[in-house]
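The values are calculated or read from the model by the stated rules, or taken from the named source; none is laboratory data. It should be emphasised that the depicted structure is a prediction, and the values quoted were computed from it without experimental measurement. Please note: Cβ atoms are built from the backbone with ideal geometry, for glycine as well, and neighbour counts cover all protein chains shown. What goes into the accessible areas is simple: the full protein's heavy atoms, side chains included, and nothing from ligands, DNA or RNA. Shrake-Rupley method; radii C 1.70, N 1.55, O 1.52, S 1.80 Å.
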Amino acid sequence: MKKVIVIALTLFLFTKNYAQTATNGNAKISGRVVDSLSGQPLDYATITVFLKGEKKPFTGTTTNTSGKFQITGIPSGIFTVIVEFIGYLSFADDNILVKDHAALDLKNIFLVKKQTTLKTINITAPGNLIENKIDKIVFNAERDLTSQTGVATDILKKVPQVSVDVDGNVELSGSSSIRFLINGKPSSAFGNTIADVLQSIPASQVKSIEVITNPGARYDAQGLGGIINIILKKNSARGINGNLSLTAGTRMENGSFNFNARKGTFGFNAFVSGNVRPSAKTFTKFTRTSSDAVNKSIILLRQDGTNNFRRHGYQTGGGFDWTYKEKNSFSGTLSYNNFGNNGMGSINQTMTEFDAAEILLSNMEIKNASKNTFRFHNIDAGLNYKRTFNKEDQELEISLNTSLGNNLFTGGNSQLIQPKDSLFYGTDNKNTGKENETEIEINYTQPLKKDMSLGTGGKLSFFDIMSNSNVSMYQPQLKSFLYNTALSNSLTYHQKVYAFYTEFNFPVFKFFDARVGGRYERTEINSFYSNAQQQAKTPGYNTFVPSIFFLKKIGEKQTIKLSYSKRIERPDYGDLNPFINTSDPQNITAGNPYLLPETGNRYELAYSKDMGTTGLFMVNFFYRANNHDIQPFIVYYSSFKAGDSIYKNVSVSTRENIGTEKNVGVNLFGDLHISSKLNLRSNVFVFHRHTINVLNPGFNSTSFNYRFNLNASYQFSKLLAAEFFGNFNSARHEAQGRYPSFTSYSMAIRQQFWNKNGSIALTATNPFNKYVNQATVIFGPGFLVNSVRKIPFRSIGINFTWKFGKLEFKKNKEENNTNLNPPLVD
């Protein structure tokens, strides 16, 4: 920071002095400064120009957010250009001959990070944990300590504007409608249980997480809350390198292995990772009070029991990238994912009925034993081609991505009347499904003039679901399970989305930068539901998604951003699957194949200040309004027919277009470096939610919701560090009730060795509380539910990480180093 201040002051004084003695030139020098490993642009790098033989700078500038710079008013002569950036080795280009009216383009200037050991993969230049980009927030997970022994869910808890509940369900800016990507690509895995997928990815496998709350026109319109992109670890340095991470713990066991190899213009990477959450017992208490309008009675249902739950998952895959004749880049990926869970429970149930005078009419005691399994596996594959041109930033990109998924759900239960343990009810369910997604995308960027470009492109998406559920029910008179035709069903769902977009980037004089775009999506659906009395063709629909983005820089360290975007949430497999789960005949769940897509408009005003060595501060204000809002919805029936069976005193839970939801809130994030050893980070998110319930008029909801976390890290020495993280989520209010609050805290200490290539970390999560109590209150016409879950959450773990391999920064002998020392242009 001191170096930057000295350079800036020198530039100012000398430029002012020289302007009084020299004539203005008419030549210019331009270029782009990027990181030598990642190829990412370096904004605010310092460019200093010296006259040949002079020690004082002649002129200079800094790079913009794209890493570009341009210096005008240079007279003819011989000059030296020096490029500097904090944490990187400086670069010098001597003997640059400048002629009248010359336009010299130095092209890409690659800077190498300082303190780099060529014999190992160890790069010790520090980096920010949080990066505030123009259109997104980047959380560099590999620099975080306490989450390394956990899973992707543990990392997400620390990301600004993101909240995670005890079951691993994720919300972004108060919305659970999120478009999840892996390495920028979709996966059919996320169409199933997102919590299962996120808890099957070891944190040691995650490089960074990108959060885009207001995506531009180039991004898919799917996801009302925005986009979360999980970037897995991969190294683009030359040579052979990799890392191994192993974690053992009381509530979590995982491991990952990454391998990278690169020579010349070809690179290859491979990985394998896995996760196991050992079986744990959860205690539940459930009470429902309901009124039977027909019999004019009150029914009290009590359920008290336990459930043992186990989760597992693993992923493996590889990828390549190859550059052909400098301007043609090819890359491809192939991965396999497999995850699942098992549950086994036992519930003691009492159902008591009273008349209007509170006189006991009946009392029944039942024991309910249940078990279920869920399995999912899929293959993700992608191929990408990128073409660059002589004109800087002119690009053409074509990609093909496909994801083929298969899932299996099995469940069964048996109910026995007490005290004789007489079996009178039972089900055996098997639901198989396929979910396939394919995308073909093309994007083109055309620079028009300085800081002005036009982007355009299109995408064709195919989304196919096939589901078959076979249900067998216990027949007391036969004392056996028989196939039930009425409850068994099938679903075929085909969706096509045709998308086209245009996006224009331009400066508005010298006041601010603007990005304006529009995306058009045409959705066509062809579906078949076996149990529907009449097949109704779903009409196609058009969606126009505008996006507007303004950025204003205040000096070099402050920015103000104002943005707007429209988003859409199309129902996924879990929402649409018509399978009726009657494992608990008093609490039935079912999909809703007739859901309409949800649409929303989001406005955001953001301010950020980079305080250099002191830290970073960000504040985001947002307003979002959703139409056809999709929420879980419960209806109570005194008598309900499912298939050919009649169920008494039952609540049916589905997903419904409940109405309109409006959210307004603010997110505050601060990263404060108290000293060279102590660092504090905190995130506060507060928003007001108003839900208008059109299904049950009068049951609207208004509430304040808030999230708070605090992270403290201390560097005892170069090799020993410790960290504490605490997180609190307030109760979540929706149209039908209040879902539980959640408090968690974790601590870790890590010792590095082997020249920082190896490390051992000890972690603890909620060490002073074995269980987390989750209280839920749900209500609607004719019923009130109070439930409490006692979930084991205390965890102690140990992690071992090892980095290996070599880096090579030198280019091959046969290559021309034209990027670092481009030829002079007259």
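Here is the figure for the range 26-51: residues that are open to solvent by 50 Å² or more (accessible area, probe 1.4 Å) and in contact with a helix residue (DSSP H, G or I) (Cβ under 9 Å, 6 or more places away or on another chain) total 1. Can you pull out the residues in the range 542-568 that are open to solvent by 60 Å² or more (accessible area, probe 1.4 Å), more than 15 Å from Phe504 (Cβ to Cβ) and hydrophobic (A, V, I, L, M, F, W, C)? Result: Phe544, Ile554, Ile560, Leu562. Among the residues that make up the range 522-541, is at least one of them closer than 30 Å to Thr62 by Cα and open to solvent by 60 Å² or more (accessible area, probe 1.4 Å)? The answer is no, given that none of the residues of the range 522-541 is closer than 30 Å to Thr62 by Cα and open to solvent by 60 Å² or more (accessible area, probe 1.4 Å). Tallying residues that are within 22 Å of Ser403 (Cα to Cα), touching a Ser or Thr at 6+ places or on another chain (Cβ under 7 Å) and open to solvent by less than 60 Å² (accessible area, probe 1.4 Å) within the range 462-486 yields 1.
Of the residues making up the range 65-105, those that are buried (at least 18 other Cβ atoms within 10 Å of the Cβ) and in contact with an Asp or Glu (Cβ under 7 Å, 6 or more places away or on another chain) are Gly67, Thr80, Val81, Ala102. Scanning the range 54-92 for residues that are among the charged types (D, E, K, R) and part of a strand (DSSP E or B) yields Lys68, Glu84. Screening the range 188-215 for residues that are of a type in the set (Gly, Ala, Ser) and surrounded by fewer than 22 Cβ atoms within 10 Å (Cβ to Cβ) and picking the one that is farthest from Ile798 (Cα to Cα) gives Ala195. None of Asp100, Asp94 is closer than 30 Å to Thr265 by Cα and not β-branched (Val, Ile, Thr) except Asp94. Considering each of Phe257, Phe268, Phe283, Phe309 in turn, give the residue that is free of Cβ contacts under 8 Å to residues at least 40 places away in the same chain, assigned to a strand (DSSP E or B) and more than 23 Å from the chain's Cα centre (by Cα). One residue alone meets the criteria, Phe309.
So which strands (runs of 3 or more DSSP E) stay within the range 679-737 end to end and still have 3 or more residues that are hydroxyl-bearing (Ser, Thr, Tyr) and more than 23 Å from Glu656 (Cβ to Cβ)?
Answer list for the range 679-737: 701-715.
In the range 515-527, the residues that are within 17 Å of Tyr493 (Cβ to Cβ) form Cβ pairs under 8 Å with partners that are open to solvent by 20 Å² or more (accessible area, probe 1.4 Å) and of a type in the set (Val, Ile, Thr), at six or more places apart or across chains, as follows: Ile525/Thr538; Asn526/Thr538; Ser527/Thr492; Ser527/Thr538. In this structure, is Glu358 in a strand (DSSP E or B), over 26 Å from Ser204 (Cα atoms) and of a type in the set (Asp, Glu)? So Glu358 does not fit the description; no. Please go through the range 509-558 and give me each residue that is modelled with pLDDT under 90 and among the β-branched types (Val, Ile, Thr), ordered by number. Ile525, Thr538, Ile554 - these are the residues of the range 509-558 that are modelled with pLDDT under 90 and among the β-branched types (Val, Ile, Thr). Close Cβ contacts (under 6 Å, 6 or more residues apart or on different chains) running from residues in the range 577-604 that are closer than 24 Å to Lys430 by Cα to residues that are in a strand (DSSP E or B) and among the basic types (Lys, Arg) comprise Asn592/Arg655.
Does Pro571 meet the test of being surrounded by 19 or more Cβ atoms within 10 Å (Cβ to Cβ) and either out of contact with any Gly (no Cβ under 6 Å at 6 or more places or on another chain) or part of a strand (DSSP E or B) (or both)?
On the way: surrounded by 19 or more Cβ atoms within 10 Å (Cβ to Cβ): yes; either out of contact with any Gly (no Cβ under 6 Å at 6 or more places or on another chain) or part of a strand (DSSP E or B) (or both): yes.
Criteria met by Pro571.
Restricting attention to the range 648-659, the residues being surrounded by 19 or more Cβ atoms within 10 Å (Cβ to Cβ) and closer than 17 Å to Ala293 by Cα number 3. Residue-level check: of (1) open to solvent by 60 Å² or more (accessible area, probe 1.4 Å); (2) more than 23 Å from Asn275 (Cα to Cα); (3) in contact (Cβ under 8 Å) with a residue 24 or more places away in the chain, Asn384 misses just (1).
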